[in-house]
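Before any comments, here is the structure.
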Amino acid sequence: MIIDERYTTFVNSFLPQKSAFLEALEEKAKKDHVPVIRREMQGLLSVIIASKRPAKILEIGTAVGFSALFMEEISDVPVKITTIENYEKRIREAEKNFQTAGKEDTIRLLKGDAQEILPTLTENYDLSFMDAAKGQSLNFLEDTVRLLADHGMLISDNIFQDGELIESRFAVKRRDRTIHKRMREFLYQITHDPGLSTSILTVGDGVAISVKRGCKE
Ligand SMILES: C[S@@+](CC[C@H](N)C(=O)[O-])C[C@H]1O[C@@H](n2cnc3c(N)ncnc32)[C@H](O)[C@@H]1O
């Protein structure tokens, strides 16, 4: 945890309750060790979605569908969500969860590797939520930005990799060094691309928020 645990607990204590279905899904995911968005990320997403009112959302990394269902639940305009997952066991669970929640028509689950699926997509999205394998974020970037509508927003979660990102590469375990390098490259790209405005926030495990800039009239 990057931020003092007590601050996080304090801040999270003000978050409103979700639907009983989502509270139970979050609890089950925790029990099954399935990673889902942290509560502080839920708070941030709620504000972004309430102000931006996206009609179309792209998510990379569905897991069991918690964040997709959460974004649908907090949205106060009709929304279509496309979400991508490549792990068969989680795909089956996500499908079941979308069905049980009665959201199969609102949330479209694309099954397979995001790196192969993204180049085939052509629709524009108002909001993209990148939450898959962190070492691969750089591979997804070009297509994700291409698919963003003008002034569309890209939210990249867990960018600090449980705090490892700010350590020197020599302090990171050898097997994690490639992910460390690739995530730093990803952050460099999104902060130096003249087509994006990006802010890195120390919320949860680190969140980067990027907006696709339009042209001056
Ligand atoms: C952190 S979890 C997503 C959590 C989910 N967004 C939530 O909060 O409920 C990341 C997911 O991305 C999936 N994933 C990783 N690499 C992927 C890839 N290349 N293509 C599609 N899915 C991928 C993993 O299988 C995992 O289920």
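The values are calculated or read from the model by the stated rules, or taken from the named source; none is laboratory data. Predicted model, so just to flag it, every value in this text is computed and none were measured. Please note: Cβ atoms are built from the backbone with ideal geometry, for glycine as well, and neighbour counts cover all protein chains shown. Please note that ligands, DNA and RNA were not included when accessible areas were found on the heavy atoms of the full protein model with its side chains. Shrake-Rupley method; radii C 1.70, N 1.55, O 1.52, S 1.80 Å.
In table form, for the structure just shown:
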item	result
Accessible area expressed per residue, segment 73-217, with surrounding protein chains retained (probe 1.4 Å, Å²)	55 Å²
Candidate lysines for bridging to Lys89, where Cα separation is under 27 Å - those fewer than 8 sequence places away on the same chain excluded	Lys18, Lys28, Lys30, Lys31, Lys56, Lys80, Lys103, Lys111, Lys134
The chain - percent relative contact order, Cα under 8 Å, separation 6 or more	19 percent
Sum of -39500 (n - 2.57) over DSSP H runs of 4+, divided by residues of the chain (222 nm, nearest 500)	-12000 deg cm²/dmol
Neighbourhood net charge (12 Å Cβ-Cβ; Lys/Arg +1, Asp/Glu -1) for Ile84	-3
Extension gain, Thr100 back to Lys30 (0.36 nm per residue minus Cα-Cα distance, nm)	23.3 nm
Where GluC sites (Glu not before Pro) fall in DSSP loop in segment 99-187, at most 16 other Cβ within 10 Å	Glu104, Glu123, Glu167
Carbon + sulfur, % of accessible area of the chain - ligands and nucleic acids excluded, 1.4 Å	53 percent
Debye log10 I(q)/I(0) for the chain, one point scatterer per Cα, at q = 0.12, 0.15 Å⁻¹	-0.63, -1.02
Two-site label geometry, Arg174 and Lys89: point separation in nm, points 7 Å out along Cα→Cβ	2.8 nm
